[in-house]
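Before any comments, here is the structure.
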Amino acid sequence: MNRKLPRTAAAEALKRILGNGAYSNIIIGNALDGMTDVTDRALCTRIVMTAVERAKTLDFVLSPYCRKKPDPTLRALLFTGASQILYMDRIPDSAACDETVKAAKELTDEKRAKFVNAVLRSVCRDKKSIPAKIDTAPDDIKYSVDASVISMLKTQYPEEYSSVLNAFFAEPPLFLRVNTLKISEDKLMRQLENSGCGCERRDGFLSVTVGASAALSHVDEGVFYVQGYASQYAVRMLDAHEGETVIDVCACPGGKTLGAAIDMKNNGRIYAFDIHENKLSLIEKAAAKANITIIETGINDGRKPKAELSGVADRVICDVPCSALGVIATRPEIRYKNVSDLSALVETQYRILCASAEYLKKGGTLVYSTCTFDKNENSLQIKRFMNEHGGFTVAEEKQFLPDGTADGFYCCKIIKND
């Protein structure tokens with residue numbers, strides 16, 4: 001069997017992501033299928049992630065060398081080479097060019113491979129002058145995001161605007177939610193450290209500082225799962241206890257559901273609903289792996305509350321579908337989403353929030369959350385809800401902006417008074 005070359009796989013993946021807006025994590029997973037060499041897998045992944053997160057910048061850099069817009073295959077190959085030359089210091093320029101040309105010969109023909117070679121050699125020649133050109137380009141090109149995202153940030157966060165844009169290039173550390181039903185945090189830390197990992201606690205949350213791949217090799221043991229800092233904060237805000245009834249209205253993929261079950265010491269009842277039946281198995285499999293037995297999954301549209309559960313919940317998790325702008329660092333294709341009009345999404349979120357509140361009993365707690373920093377999806381939703389509904393109190397509200405530790409994330413704790 002011929003070895004699957006990482007740059008060929010990267011170019012094929014880029015063609016699909018850039019052309020179809022496909023999810024990078026899914027396409028990269030497919031690209032790595034059959035690639036056994038660890039170094040090749042890491043290189044392929046990094047090329048794809050770098051090229052996607054810098055796509056607008058790379059189009060800007062490459063356009064002077066192309067008399068006409070390159071076809072999707074050529075564009076993907078040029079991105080493969082240029083991302084190495086401009087953003088991957090450990091790869092010699094000659095190797096970036098030569099190996100990408102090999103990929104071009106495999107994916108296209110001799111003529112187009114020569115074109116790829118000529119363009120990449122020109123980028124190498126002009127490498128020292130290119131950063132200055134990028135630095136003086138418009139912000140959507142400089143930071144490689146849709147202009148509508150730039151506009152939103154400038155309007156909503158004029159003081160934090162630049163730091164947020166820079167944080168888009170800084171992937172947050174790996175945070176783990178410890179399954180204390182199976183292991184203590186101290187024991188897990190010792191186990192990970194014995195595997196060559198470096199660990200630390202950040203505000204009570206476990207972070208892997210060294211050896212993320214080694215840590216993830218233990219994930220099938222069910223002693224932890226991956227959950228970001230801000231997402232864990234939302235579960236802490238929920239503050240579920242033993243014996244309570246919890247409803248998660250948009251539960252998949254299930255991180256907050258599992259977190260609540262762990263906090264409840266697997267004692268009580270959790271209803272985990274989602275509109276997508278095929279995704280519920282993710283929660284069921286994760287719960288089985290974690291030895292959690294109190295979760296009952298079911299199909300439901302979050303905009304339509306189940307009448308038989310009205311007024312029964314001690315806690316409600318209302319993690320609504322959102323623009324996902326807060327996770328740009330790990331899902332770079334979101335950079336190019338046009339967010340100039342999110343009115344339909346915002347209305348859906350509000351309907352889910354209102355429906356979710358109907359599940360609460362007197363004194364019950366609802367945590368509304370999103371993985372975005374858009375105020376229209378976050379604080380303004382809560383403001384509208386409080387203006388239109390009596391008998392509720394906002395107990396805590398937290399907006400995270402991307403900062404290299406946490407993703408962009410919002411959570412708000414609402415108490416039903418009567």
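The values are calculated or read from the model by the stated rules, or taken from the named source; none is laboratory data. Quick caveat, the model's predicted, so the values are computed rather than measured. In this analysis, Cβ positions are derived from the backbone assuming ideal geometry, glycine residues included, and neighbour counts consider all displayed protein chains. With ligands, DNA and RNA removed, areas are computed over all heavy atoms of the protein, side chains included. Shrake-Rupley method; radii C 1.70, N 1.55, O 1.52, S 1.80 Å.
Summary table below
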item	result
Fully extended contour minus Cα-Cα distance, from residue 282 to residue 154, at 0.36 nm per residue	42.3 nm
Cα-based Rg / Dmax (Å) for the chain	23.5, 74
Sites residue 309 and residue 42 - FRET efficiency at Förster radius 45 Å, r taken between beta-carbons, to 0.05	0.45
Set of lysines near residue 306 by C-alpha distance (under 28 Å), chain-local residues within fewer than 8 positions excluded	256, 265, 279, 285, 361, 362, 383, 413, 416
Counting DSSP beta bridges with both ends in the chain, the antiparallel % (nearest 5)	55 percent
Residue 71 - accessible surface, heavy atoms, 1.4 Å probe, Å² rounded to 10	50 Å²
Evaluated at q = 0.14, 0.16, 0.27, 0.28 Å⁻¹: base-10 log I(q)/I(0), Debye formula over Cα of region 98-166	-0.65, -0.72, -1.06, -1.10
Long-range HN-HN contacts of residue 364 with modeled amide H, under 5 Å	416
Straight-distance crosslink candidates among lysines, where the alpha carbon sits under 17 Å from residue 133 and sequence neighbours closer than 8 are dropped	56, 142
Accessible area of the chain divided out per residue, in Å², using a probe of 1.4 angstrom	46 Å²
Within the chain: Cβ-based charge dipole about Cα centre, in debye rounded to nearest 20 (Lys, Arg +1; Asp, Glu -1)	1220 debye
Contact order normalised by residue count of region 1-83, Cα under 8 Å, 6+ apart, percent	41 percent
Residue 26 accessible area, 1.4 Å probe, all protein chains in place, Å² to nearest 10	90 Å²
Region 233-315, Rg to Rh (Cα coordinates; Rh as Kirkwood inverse mean 1/r)	0.93
Euclidean distance of C-alpha centroids, region 93-110 and region 20-50, integer Å	18 Å
Inter-part distance where region 306-324 and region 123-160 are each reduced to a Cα centre, Å	39 Å
Accessible area (Å², 1.4 Å probe, nearest 10) - residue 416	50 Å²
Partners for residue 154 among aspartates and glutamates (Cα-Cα distance below 14 Å; same-chain residues under 8 apart left out)	139, 140, 146, 374
Residue list for region 75-110, given a label point 7 angstrom along the Cα-to-Cβ vector of residue 30 and an amide N cut-off under 19 Å	75-77, 80, 107-108
Pairwise centroid distance, computed over Cα atoms, of region 356-400 with region 212-264, Å	20 Å
Protein accessible area in region 1-59, 1.4 Å probe - carbon and sulfur %	50 percent
Accessible area of region 145-249 belonging to carbon and sulfur atoms, whole % at 1.4 Å probe	46 percent
Charge-dipole axis of the chain as Lys and Arg at +1 and Asp and Glu at -1 on Cβ define it, positive-most pick from 91, 196, 366	91
Equivalent ellipsoid, region 161-241 (semi-axes from 5 times Cα gyration tensor eigenvalues, Å)	23, 18, 10
Dipole magnitude of region 8-74, debye to nearest 20 (Cβ charges: Lys/Arg +1, Asp/Glu -1, about Cα centre)	360 debye
